[in-house]
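> Handing you this structure, nothing more for now.
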Amino acid sequence: MFNRTYLGTIAALMLVTAQAEPAPWMNATLSADQRAELIGAQLTRAEKLVLVRGYFGDDVIINPHYPPPPDAIRKALPRAAGYIPGIPRLGIQAQLETDASLGVSNQRHMRRGDTATALPATLLTASSWNPDIAFQVGAVVGQETRDKGFNILLNGGVDLARDPRNGRNFEYAGEDPLLAGTIAGEAIRGAQSRHIISTAKHYAVNDQEIGRDWLSANLPEKAMRESDLLAFEIAIERGAPGSIMCAYNRVNAVYACENDFLLSKVLKGDWNYPGYVMSDWGGVHSTTKAALAGLDQESAFEFDRDDYFGSALNAALNGPDGAALQARLDNMVHRILRSMFVNGLFDDPAVAGPSDVEAHGAVAQAAAEEGIVLLKNARGLLPLVAGAKRIAVIGGHADIGVLSGGGSAQVMPVGNEPSQEILVGGSGQDASGNARVPLEKKIYDPPSPLAAIKAEARGKVVFDDGSDFAHAAATARHADVAIVFVERWQREGIDTPDITLPGNQDALIAAVAKANKRTIVVLETGNPVAMPWLDNAGAVLETWYPGNRGAVAIARILFGKVNPSGRLPITFPQSLEQLPRPVVPGRDLRQPDNRWTPNETLFDVDYTIEGADIGYKWFAAKKLKPLFPFGYGLSYTTFSFGGLSVSGSAVSFDVRNTGLREGKVVGQIYAATPVAGERLVAFGKVELKPGESKHITLSIDPRLLASFDPAAQMWRVAAGDYSFRLGASSAETSATTTVHMEASTIKP
Ligand code: BGC
């Protein structure tokens, strides 16, 4: 007879033996593909189906046709934007997804106390024109993603800014494929350096918000390859995102999440993308079509009209397309697991814990300081070094914080207080009965600009909320300098009808500028705005949505502790008439109340108008003069460029700081090919002490000198003369050179 102790010893020994032999897929010397293969072979069909279909990671009921989410979700902390259960018997952890574009978003919960570092908006990171800054920002968001126990970040917005009214431009990286792809790619690489999966999104041509579930973005393949797709291609090459989120909209009449051309032909075929495609929330419209086109995972199925990748896929596996679907199901699972292995989800799983918000705040501040763009500085009004004994700070809720953008990206910032939230919307529909305007809060990120300015100023600082123009003008008149804060709130799901500052803020600036010539305008906007008061303003700063340390960055730029070096990643038009589409398409169509309303209003958006000529390229092609050109931005010092030479794919030039202060400058190289107008082909940011010069060499991606030939399915560099231009913006020329090139081709 064995006694209990002996049995216990045997059990313990068996456990040790079991622990000593980890599962074969935990062998980190194997490739991610091999590991995914090994574990995939263990999965039952039911388990595979679990991995390809996600829940909304919240306990709210999204679709009344579906049962409430399983208990696991209700109990899951933190609540996520998306949740895919794990397979515990094989050690496959649950996928917990969170947004992303401004920092770790807390979805719609906005629970007090659950805060995250509000990073500058992606558009501001893009304004830094500094890939290192983008990497650092991405790494902070990636770290906080882990710290909150999430393992998938819905980051990497890289849709191009075709329209300065797009409600999500603040989540994206501007209008140029090279700049946007580089910045988004580095942000993804930074995030994934923290052993989580990041997406790139929204694939593809999700370039406006109005009617995003119903519109078809129409443009020929050539133009798409040279613009929106090129931005994704560059971002994917640089960042290697574990997942790509397909977009809500249709592209050339086919929904992006069931678009064989986008998913199978281009992404997985031409680009050889090895990760998985997840749908946007509510972006799936079919089972067999989507699965065979290349969708790998249905996100938050409650947002879709049917349980497409759940019960419907299970049924379809037994139907006429069963064999093809089975092969796809195996491949979907392989791709998901492969990305989990590549990004360390098995080897270094996220463990919730406190975040180092001090260190993360320092990165947020560095990014804001590099991205804020000085647009005007008449008679050296800035920096405010001396003589400002009395400073008037006016408007823009500058006494509570800096504005942030709304929607799924909304972050509850570190230091949040109820007094920093202002309710907006709530009418259900806008004035013309179209777009839905939900009741929600505009969130202001602390600290306040007022506090930050007081911390820097030597003189007295007074605040006027700007609601009474006469009073604001009087406050400005009695001050040495007036700093007017103005704002334009943007959110996901809604485009603005115009580029005008809302609520009489133009009149406020005009009144203040009339009362005091030393008026500085600080813009907190998610997009370019018109500036009818520009001639009368002494100085103008564009800060976009600058995040948790934005106010500190603004104050340090105003008082000269930081020399501004941001450059515009998007053209500022003078008026809507200059745009390819003066009215946002679909604006006057009555949209259904929700995605499940059967009578959809399908409509087309004609992007053939500008094709690949987005932003500055459109302005150049149409010979239009913008208010501020792409690439523009001032400094407190001056620079000179010269010595431009191009040899093969290398371009080099000299840059010298000719002023009295240390500063950073962005050398921008534009090239006109024999068959197309100018485009940005290289850029580099350098820091120079007064009098210092540097010789810079950059490499040019040959695709930027080529045109896409859809018939031959390749990039073609045409034989002929290429003119290269070096400048401080798309509209300034410091040096030019012409180089003859022979014809060549590049495989996509
Ligand atoms: C947005 C995505 C976001 C997702 C999850 C969607 O509405 O378009 O960008 O990642 O929601 O919150």
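> Among what's in region 426-446 and is open to solvent by less than 50 Å² (accessible area, probe 1.4 Å), touching a strand residue (DSSP E or B) at 6+ places or on another chain (Cβ under 9 Å) and in a loop (DSSP other than H, G, I, E, B), pick the residue that is modelled with the highest pLDDT.
So, considering only residues that are open to solvent by less than 50 Å² (accessible area, probe 1.4 Å), touching a strand residue (DSSP E or B) at 6+ places or on another chain (Cβ under 9 Å) and in a loop (DSSP other than H, G, I, E, B), the one modelled with the highest pLDDT is PRO446.
> Among the residues in region 191-200, are any modelled with pLDDT of 95 or more, away from the ligand (no atom under 16 Å from the Cβ), in a helix (DSSP H, G or I) and surrounded by fewer than 24 Cβ atoms within 10 Å (Cβ to Cβ)?
So far as region 191-200 goes, no, none of its residues is modelled with pLDDT of 95 or more, away from the ligand (no atom under 16 Å from the Cβ), in a helix (DSSP H, G or I) and surrounded by fewer than 24 Cβ atoms within 10 Å (Cβ to Cβ).
> Also, I was wondering about something else. For region 489-507, which residues satisfy the criterion of being open to solvent by less than 20 Å² (accessible area, probe 1.4 Å) and touching a strand residue (DSSP E or B) at 6+ places or on another chain (Cβ under 6 Å)?
LEU501
> Right, next: Which of the numbered conditions does GLN19 fail, given that it passes all the others? Conditions: (1) modelled with pLDDT under 65; (2) surrounded by 19 or more Cβ atoms within 10 Å (Cβ to Cβ); (3) over 34 Å from the mean Cα position of the chain (by Cα).
Unmet condition: (2).
For every residue, the table says whether it meets (1) assigned by TED's automatic domain parsing to the domain that holds LEU375; (2) closer than 30 Å to GLY282 by Cα.
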{"position": "ASN527", "(1), (2)": "yes, yes"}
{"position": "TRP533", "(1), (2)": "yes, no"}
{"position": "TYR545", "(1), (2)": "yes, yes"}
{"position": "ARG549", "(1), (2)": "yes, no"}
{"position": "ARG556", "(1), (2)": "yes, no"}
{"position": "GLY566", "(1), (2)": "yes, no"}
{"position": "LEU576", "(1), (2)": "no, no"}
{"position": "VAL584", "(1), (2)": "no, yes"}
{"position": "ARG587", "(1), (2)": "no, yes"}
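> Look through ASP114, ASP132, ASP159 and report the one residue that is at pLDDT 95 or above, in a loop (DSSP other than H, G, I, E, B) and of a type outside the set (A, V, I, L, M).
Of the residues listed, the single one that is at pLDDT 95 or above, in a loop (DSSP other than H, G, I, E, B) and of a type outside the set (A, V, I, L, M) is ASP159.
> What is the residue count in region 297-324 for residues that are within 16 Å of the ligand (Cβ to nearest atom) and in a loop (DSSP other than H, G, I, E, B)?
Counting residues in region 297-324 that are within 16 Å of the ligand (Cβ to nearest atom) and in a loop (DSSP other than H, G, I, E, B) gives 4.
> Right, ASN166: within 15 Å of the ligand (Cβ to nearest atom), closer than 30 Å to SER575 by Cβ and in a loop (DSSP other than H, G, I, E, B) or not?
Considered against the rule, which asks whether it is within 15 Å of the ligand (Cβ to nearest atom), closer than 30 Å to SER575 by Cβ and in a loop (DSSP other than H, G, I, E, B), ASN166 comes out as yes.
> So, in region 47-61, of the ones that are in a loop (DSSP other than H, G, I, E, B) and open to solvent by less than 40 Å² (accessible area, probe 1.4 Å), which residue ends up modelled with the highest pLDDT?
That would be VAL52.
> Wholly within region 655-748, which strands (runs of 3 or more DSSP E) include no fewer than the required count, namely at least 1 residues that are open to solvent by less than 10 Å² (accessible area, probe 1.4 Å) and closer than 23 Å to GLY633 by Cβ?
Per the criteria, 663-672, 678-688, 720-727.
> Moving on to the next point. Could you identify the single residue in ARG581, ARG587, ARG567, ARG595 that is within 25 Å of GLY493 (Cα to Cα), modelled with pLDDT of 95 or more, part of a loop (DSSP other than H, G, I, E, B) and among the charged types (D, E, K, R)?
Of the residues listed, the single one that is within 25 Å of GLY493 (Cα to Cα), modelled with pLDDT of 95 or more, part of a loop (DSSP other than H, G, I, E, B) and among the charged types (D, E, K, R) is ARG581.
> Okay, moving on. Six or more apart or on different chains, Cβ under 7 Å: which pairs go from a residue in region 374-388 that's at pLDDT 85 or above to one that's of a type in the set (Val, Ile, Thr) and assigned to a strand (DSSP E or B)? Could you list them?
Cβ pairs passing all conditions: LEU375/VAL540; LYS376/VAL540; LEU381/ILE520; LEU382/ILE520; LEU384/VAL481.
> Can you name every residue in region 465-502 that is in a loop (DSSP other than H, G, I, E, B) and small (Gly, Ala, Ser)?
Within region 465-502, GLY466, SER467, ALA479, GLY493 qualify.
> Got a sec? Which of ILE87, ILE73 is at pLDDT 65 or above, open to solvent by less than 30 Å² (accessible area, probe 1.4 Å) and within 33 Å of the chain's Cα centre (by Cα)?
None of the other options fit; the residue is ILE87.
> Tell me the residue from ASN272, ASN206 that is surrounded by fewer than 24 Cβ atoms within 10 Å (Cβ to Cβ) and in a loop (DSSP other than H, G, I, E, B), please.
After ruling out the rest, the residue left standing is ASN272.
> If the Cβ limit is 6 Å and pairs must be 6+ apart or interchain, which residue in region 276-287 that is part of a loop (DSSP other than H, G, I, E, B) pairs with which residue that is among the aromatic types (Phe, Trp, Tyr)?
That search, which allows pairs on different chains as well, returns ASP280/TYR248; TRP281/PHE303; GLY282/PHE303; GLY283/TYR248; VAL284/TYR308; HIS285/TYR255; THR287/TYR308.
> Still on this structure, please answer the following. Might you check whether a residue that is surrounded by fewer than 23 Cβ atoms within 10 Å (Cβ to Cβ) and within 16 Å of the ligand (Cβ to nearest atom) occurs anywhere in region 214-228?
yes
> To continue, here is another question. Kindly evaluate PHE303 against the criterion of being aromatic (Phe, Trp, Tyr), open to solvent by 10 Å² or more (accessible area, probe 1.4 Å) and within 27 Å of ILE196 (Cα to Cα).
When the stated conditions are applied, PHE303 passes them.
> All but one of (1) modelled with pLDDT under 95; (2) open to solvent by 20 Å² or more (accessible area, probe 1.4 Å) hold for ASN318; state the number of the condition that does not hold.
(1)
> Here are GLY185, GLY181, GLY174, GLY149: which of them is away from the ligand (no atom under 16 Å from the Cβ) and at pLDDT below 95?
On inspection, the qualifying residue turns out to be GLY149.
> Moving on. Does region 346-362 contain any residue that is crowded, with 18+ Cβ neighbours inside 10 Å, under 26 Å from ILE570 (Cβ atoms), of a type in the set (Gly, Ala, Ser) and under 27 Å from the mean Cα position of the chain (by Cα)?
Within region 346-362, not a single residue is crowded, with 18+ Cβ neighbours inside 10 Å, under 26 Å from ILE570 (Cβ atoms), of a type in the set (Gly, Ala, Ser) and under 27 Å from the mean Cα position of the chain (by Cα).
> Consider only pairs whose beta carbons are under 7 Å apart and that are at least six residues apart or on different chains; among these, list those whose first residue lies in region 399-423 and is more than 23 Å from GLY57 (Cα to Cα) and whose second residue is within 13 Å of the ligand (Cβ to nearest atom).
Qualifying pairs under 7 Å: SER404/LEU102; SER404/GLN410; SER404/VAL411.
> Still on this structure, I have one more. Report, by residue number, each residue of region 140-154 that is in contact (Cβ under 8 Å) with a residue 60 or more places away in the chain and assigned to a helix (DSSP H, G or I).
Within region 140-154, VAL140, GLN143, GLU144, THR145, ARG146, ASP147 meet the criteria.
The values are calculated or read from the model by the stated rules, or taken from the named source; none is laboratory data. None of these values were measured; they are calculated from a predicted model. FYI the Cβ positions are ideal-geometry reconstructions off the backbone, even for glycines, and counts take in every protein chain you see. When the accessible area is computed, the model is the full protein with side chains, heavy atoms only, and any ligands, DNA or RNA have been set aside. Shrake-Rupley method; radii C 1.70, N 1.55, O 1.52, S 1.80 Å.
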